[in-house]
Every structure is written in C-alpha cells, then in structure tokens.
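Visitor: One structure is given below, represented as structure tokens, and several questions about it will come after.
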Amino acid sequence: MPSDETPTLRQAVASDAASVRALTRAAYAKWVPLIGREPKPMGADYDAAVARHRIDLATLGGELAALIETIPVIDHLLVENVAVAPAFQGRGLGRFLMAHAERLAAEQGHAEIRLYTNKMFAENVELYRRLGYRIDREEQSALGVTVYMSKALTLKGTAGVSPAS
C-alpha cells in the first residue's frame, strides 16, 4: 500500500454502529448471488458488537474504507469480521487490517489468531493462506461449509508496534 494511502485507524464507538452496519452490508453484498443468501455479517447486531467487541475503523481521505472486528478469547484472538467498502477493495486494506489484528493479538499475549469464513468465498480463503493462515477444519451446516483457519504468532519483538506501521 503506498504511504500516501496509509489508512488512519480508530476504535469504533456506539455512534459508529450504523456506519459499521452499512459498510459491512456493502462489502458482503457481492457474496449474496454466490451463496443464495445474505452472509452472517450482513445481519449482525452492530449496536451490540460495537459495545462488546473491538471494531477498528480504517479511513482513507476522511472516508470510512474498511473495518475489522476482533474478539479476545482465552487462548487466541478471533477475527469475527473484515469488511472493505467496495470503492476501496483491491488496495491492500484487508491485508493491512489482518496485520493490525495480528499485532493486537501479540500485544494481548496471544500466541494464535483465528478466523472462519464461508468456503465459497475462495478468494478470501486464498488471501488468508497467503498471509500464513492454515486451514484447521471445515464444518458443514445448513448455511454451507465453514472453513476455520488459524495462524501461530511470534510474541517477541511486537511491543510498541503501531497499527499504521
């Protein structure tokens, strides 16, 4: 990502819930024809999510471009949602936000970061694999096949790393 396109990050607050919902719905809309329904993040309660989870907002040029939602669990950090506004897709924001989540996990003392996605979202699965995530398992449900992925983290040397580095 060119340095003139380095996003600014800030944590979402209660008043951001509607913007989080709108960005997520726009980002996931492309998957509806592929899977024949709205993906889970499109229907999530973002008022509750902003209150209970960490949602980091990435802005470019003063415009909300992307977000990442993380949930600390006892032995890992879970990436619940990564969403990039359609106008900003293809600029490396997903990779930027995943690197940010990995730094957060390490700063919180987690040795592992996990995520899950729909198997039909093949480009997402491939992106995560390129970023060093491994497929742990796949589970079939009424909603399709969920791919569970994880990445082991190196904890040393991560303190003091800023989200925008």
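Visitor: Please name all residue pairs, on different chains or six or more residues apart, with Cβ atoms under 7 Å, provided the first residue is in segment 127-151 and is under 17 Å from residue 80 (Cβ atoms) and in contact (Cβ under 8 Å) with a residue 24 or more places away in the chain and the second residue is β-branched (Val, Ile, Thr) and surrounded by 12 or more Cβ atoms within 10 Å (Cβ to Cβ).
Guide: Correct list of pairs: 147/117; 147/125; 147/135; 149/135; 150/113; 151/113.
Visitor: Go through segment 56-88 and give me each residue that's in contact (Cβ under 8 Å) with a residue 24 or more places away in the chain and in a loop (DSSP other than H, G, I, E, B).
Guide: If the condition is that a residue be in contact (Cβ under 8 Å) with a residue 24 or more places away in the chain and in a loop (DSSP other than H, G, I, E, B), then 75, 85 are the ones that fit.
Visitor: For segment 118-129, name all the residues that are surrounded by fewer than 20 Cβ atoms within 10 Å (Cβ to Cβ) and not small (Gly, Ala, Ser).
Guide: 118, 119, 120, 121, 123, 124, 125, 126, 127, 129
Visitor: Yes or no: residue 145 more than 15 Å from the chain's Cα centre (by Cα), at pLDDT 95 or above, under 21 Å from residue 28 (Cβ atoms) and not in a loop (DSSP other than H, G, I, E, B)? Reasoning before the result, please.
Guide: Working: more than 15 Å from the chain's Cα centre (by Cα): yes; at pLDDT 95 or above: yes; under 21 Å from residue 28 (Cβ atoms): yes; not in a loop (DSSP other than H, G, I, E, B): yes.
Considered against the rule, which asks whether it is more than 15 Å from the chain's Cα centre (by Cα), at pLDDT 95 or above, under 21 Å from residue 28 (Cβ atoms) and not in a loop (DSSP other than H, G, I, E, B), residue 145 comes out as yes.
Visitor: I want to confirm something. Restricting to segment 44-62 and keeping residues that are surrounded by fewer than 16 Cβ atoms within 10 Å (Cβ to Cβ) and at pLDDT 95 or above, which single residue is farthest from residue 12 (Cα to Cα)? Full working, then the answer.
Guide: Applying the first criterion (surrounded by fewer than 16 Cβ atoms within 10 Å (Cβ to Cβ)) to segment 44-62 yields 45, 47-48, 51-52, 59, 61-62.
Now restrict to residues that are at pLDDT 95 or above: 45, 47-48, 51-52, 59.
Details: 45: 14, 47: 11, 48: 12, 51: 9, 52: 11, 59: 12 Å.
Checking each candidate, the answer is 45.
Visitor: Further question: Would you mind finding the one in 104, 23 that is within 25 Å of residue 133 (Cβ to Cβ), outside any strand (DSSP E or B) and out of contact with any Ser or Thr (no Cβ under 7 Å at 6 or more places or on another chain)? Steps first, please.
Guide: Working: 104 fails: out of contact with any Ser or Thr (no Cβ under 7 Å at 6 or more places or on another chain).
Exactly one residue qualifies, and that residue is 23.
Visitor: Within segment 78-85, can one find any residue that is of a type outside the set (Ser, Thr, Tyr), buried (at least 20 other Cβ atoms within 10 Å of the Cβ) and over 20 Å from residue 121 (Cβ atoms)?
Guide: The answer is no; no qualifying residue exists.
The values are calculated or read from the model by the stated rules, or taken from the named source; none is laboratory data. Computed from a predicted model, the values in this text were never measured in an experiment. Backbone-built Cβ (ideal geometry, glycine too); neighbour counts: all protein chains shown.
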